[in-house]
1. Return the single residue from A:G306, A:G164, A:G93 with maximal mean-square fluctuation; model: Gaussian network over chain A, springs between Cα atoms under 10 Å.
2. Among B:R47, B:R56, which comes first, then next, by fewest other beta-carbon atoms within 10 Å?
3. Taking a ≥ b ≥ c as the square roots of the eigenvalues of the Cα gyration tensor of segment B:54-156, is the shape rounded (a/c under 1.5), prolate (a/b larger than b/c) or oblate?
4. Listing A:T95, B:T130, B:T223 from the residue with the fewest other Cβ atoms within 10 Å to the one with the most, what is the order?
5. For a quick check, take a GNM of chain B with Cα springs below 10 Å and name the residue from B:G207, B:G60, B:G69 with the largest mean-square fluctuation.
6. May I ask you to compute the full-extension gain from B:K129 to B:V32, defined as 0.36 nm times their residue separation minus their alpha-carbon distance, rounded to one decimal in nm?
7. Run the reach check for B:K129 against aspartates and glutamates, Cα to Cα strictly under 14 Å, same-chain hits fewer than 8 apart removed. What comes back?
8. Quick one: helix A:192-201 against the long Cα principal axis of chain A, what's the angle to the nearest 10°, folded into 0 to 90?
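Readers should treat all values here as calculations from the given coordinates under stated rules, not as data from a laboratory. Note that this is a predicted model, so its numbers are computed, not measured. Cβ sites come from the backbone with ideal geometry, for glycine too, and all protein chains shown count toward neighbours.
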Amino acid sequence: MTPSIDRRTFVRGGAAFAIAALTPVPASAKDQLVVATFPGTWNEVHREILAPYFQKKTNADVTQTIMLATDQVAKLAATRGQPPFDVAILDEGPTLDAVKQGVLEKYPAAKSAHFNELGPPFRNEWGPAISMQAIGLAYNPKKVKTAPRSWDDLWNPAYKGRVGLTALNSSLGMAFIVELARLKGGSESNLEPGFLALRTLLPNVGAISANLGAHSALIQQEQVDVAVHNFNFIETLKGKGVEVDWVKPETGAPAWRTNLHIVKGAQRPDLAFEYIEGHITPEVQAAMAKPPHFVIPTNRKVVLSGAIVDKVARTPDELTKLVFHDWTKINEVRAAAIERFNREIKL
Amino acid sequence: MPARSDGEWRLALPVAAFFALFFVAPLGVLFVVSLFAEPTMQTLALRQYTRFLGDRLHLGILVDTLVLGVKATLVCLLLGYPLAWVIARARPRVQSLLVFVVILPLLTSVVVRTFAWIVILGRQGILNKTLLAVGLIDEPVRLLFTEPGVVMVLAQVQLPLMILPLLTTFQRIDPHLADASAALGAGQWRTFARVIAPLSLPGVAAGCVLVYAACVTAFVTQTLIGGARLVWVPLFMYQQATGANDWPFAAAISIVFMFAVLFVVVLINAAGRGRRALVHG
């Protein structure tokens, strides 16, 4: 007799299989936290320093997924109540958006052992600022003999076709255009002078990356020789042997706070809290501030050293005096700015 | 008819339910979202559609995207057609090896393949270094962040989608037809133009539809190779949805885009069918 499966069995079996394949697997009994992280330096320090610290402390696993801030806010808003991750990492602007969308939980600062060790500007009620990102001039020392000193140097005719910028979907891109506007007589709500300046810069612009991930590749592949970029990203690249250096512009480095948040509806708010606590301990922040990452600490107990002291700020107090923009105002003009960028900055 | 076949349509039920739940329903949601006048989604209006269709910049982006797809598809066809023919005529063992080589890129992630192209096309990339070394150019050519660069990469990345349907079609063409054509006095070119080419049209149409749809929506390749100065619809939609938080506008753009691409796909299909009717008529 040949083995056979009758139709009924086949259909039932097939249906059962399909249902099984489509049913979401419930989270395993093992404690599991899902968190968002940024590309580049962030992803590295979170994987190499924070994750081991967290695992040792809580005996739970953590999965880190790389997502830009704006993508996280969009995902949280789209999945309200069923968030795909428990901890969000957001820059100032997106944090304000997320608060407005109501997708964050207030940070239980009263329970925190380290919250009050942070500098006062870093104690956000929606989640502590775990670092600051400062932007300035990145350049390739092999190709550019005299280091640029100010934003105005970007207009140097010697840099024709060699300057790299990035689109406005990241805080980096947005902060740069706001800073240009500010220096040319505009403000957070009046970007007009910034756009006018940007247009005169176009002959020098060799490439505008569409996102941060591609922005570092511009420098690494020597597609451009001078670029607007983050302090840590460049220091990390430099540590890997890439020909690159970073300069704080004479007019100051525009900076913004980066916060960690417990997401509303998080499956494991307890673990999310522990994870964020880990990030603001002096121990973890000191490890992240070391070469090659140079993540700027926000906990005042961490002694500043290395490139952070040489290039950004000598004391925790100086850190609070970098150029901070008003992101509430920036958020109001962001949609219009992206639209205008597309319209005017095309080839 | 035996009673048994009456119920056969029910076999399609699972896939129909799957489509209804995971494709038609979300599309419906997308359409509803596109009908809101403002990002906060309070009043219903057609404002998003007039905003997209009534603006030359937006229409320009739409047309650029459709044209980008045509260019990449044509390059794919030019490269893929002869290759598929060679593979179809190869000895069985060589053939399976060649098919494997063609499919190989599909086994790597599109992100990885695209990043490899950044290394190749960059100012200090493999291509420029080679051309400089050979002395064909005096200074690096700009390839990354240009439209020709994007077309080149799209054509390579999507090539398997062109070759596979063509290969199937070529293999189905009866080799005796070519012999018959030769016996009747037609030369090789004439045989190709009158017999092989028309018979391969369904494969050409199938390949073109697949490649076209993949190229116009290739967000990763378009943004990584094209950068932010070359804006095509997928990047534009992404900016509106995440950067500007304007979901209704992004939804309206995607609905318009879907119909525009559908229109081109129908044209390609009609071209494939129309010519075939001529041959058989």
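1. Largest GNM mean-square fluctuation: A:G306.
2. B:R56, B:R47
3. Judged from the Cα gyration tensor, segment B:54-156 comes out oblate (a/c at least 1.5, b/c at or above a/b).
4. Details: A:T95 27, B:T130 12, B:T223 24.
In order of increasing Cβ crowding within 10 Å: B:T130, B:T223, A:T95.
5. Checking each option, the largest mean-square fluctuation is seen for B:G60.
6. Details: separation 97, 0.36 × 97 = 34.92 nm, distance 5.17 nm.
In short, 29.8 nm is gained.
7. A:E222, B:D138, B:E139
8. Between helix and principal axis, roughly 80 degrees.
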